[in-house]
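Scroll down for the structure; my scribbles are underneath it.
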Amino acid sequence: VQLQASGGGLVQTGGSLRLSCVVSGTSSSLNIMSWHRQAPGKQREWVATDPPTGTKLYTDSVKGRFAISRDNVKKTLYLQMNSLKPEDTGVYSCQVWINRKEYWGQGTLVTVSS
């Protein structure tokens, strides 16, 4: 199983980006999918979770600005990020649970300039 994240880049404060994470190498259903981020010099933190059913979850600092979603046919996880702030800068990584196993993708860098 491989996860390929993309969509990061440099954006000004108030701008938007859409991250994608494509899951390949499996025909199994995707269970819980999440985005995490790691700012320079800080520990990785959880950002958002998309369960297969039920309510999507967000860390407080991104509520109302970020939206997580998925396309199960394309096996792709998305993160729409609006009203970006400099404190959103970091490497964003995707995580997925498949058949009770956890998989991580490499990160995509998001840089928000002030």
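The values are calculated or read from the model by the stated rules, or taken from the named source; none is laboratory data. Quantities reported herein were computed from a predicted structural model and do not represent experimental measurements. Neighbour counts are summed over all protein chains in view; Cβ atoms, including those assigned to glycine, are modelled from backbone coordinates with ideal geometry. All accessible areas refer to the heavy atoms of the entire protein, side chains included, with ligands and DNA or RNA removed. Shrake-Rupley method; radii C 1.70, N 1.55, O 1.52, S 1.80 Å.
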*Among the residues of segment 27-66, which ones are assigned to a strand (DSSP E or B), open to solvent by less than 30 Å² (accessible area, probe 1.4 Å) and of a type outside the set (Ser, Thr, Tyr)?*
Met33, Trp35, His36, Arg37, Val47, Ala48, Asp50, Phe66
_Restricting to segment 67-114, and then to whatever is outside any strand (DSSP E or B) and among the acidic types (Asp, Glu), can you tell me which residue is surrounded by the most Cβ atoms within 10 Å (Cβ to Cβ)?_
Asp88
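This table checks each residue for (1) touching a Pro at 6+ places or on another chain (Cβ under 9 Å); (2) over 28 Å from Thr13 (Cα atoms); (3) among the acidic types (Asp, Glu).
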site: Arg65; (1), (2), (3): no, no, no
site: Ser69; (1), (2), (3): no, no, no
site: Val73; (1), (2), (3): no, yes, no
site: Ser83; (1), (2), (3): no, no, no
site: Glu87; (1), (2), (3): no, no, yes
site: Asn99; (1), (2), (3): no, yes, no
site: Tyr103; (1), (2), (3): no, yes, no
site: Leu109; (1), (2), (3): no, no, no
*Which pairs do you get when a residue that is over 16 Å from Ala48 (Cα atoms), found in segment 26-37, comes within reach of a residue that is open to solvent by 30 Å² or more (accessible area, probe 1.4 Å), reach meaning Cβ atoms under 6 angstrom, with the pair 6+ apart or on two chains?*
Thr26/Val1; Ser28/Asn99
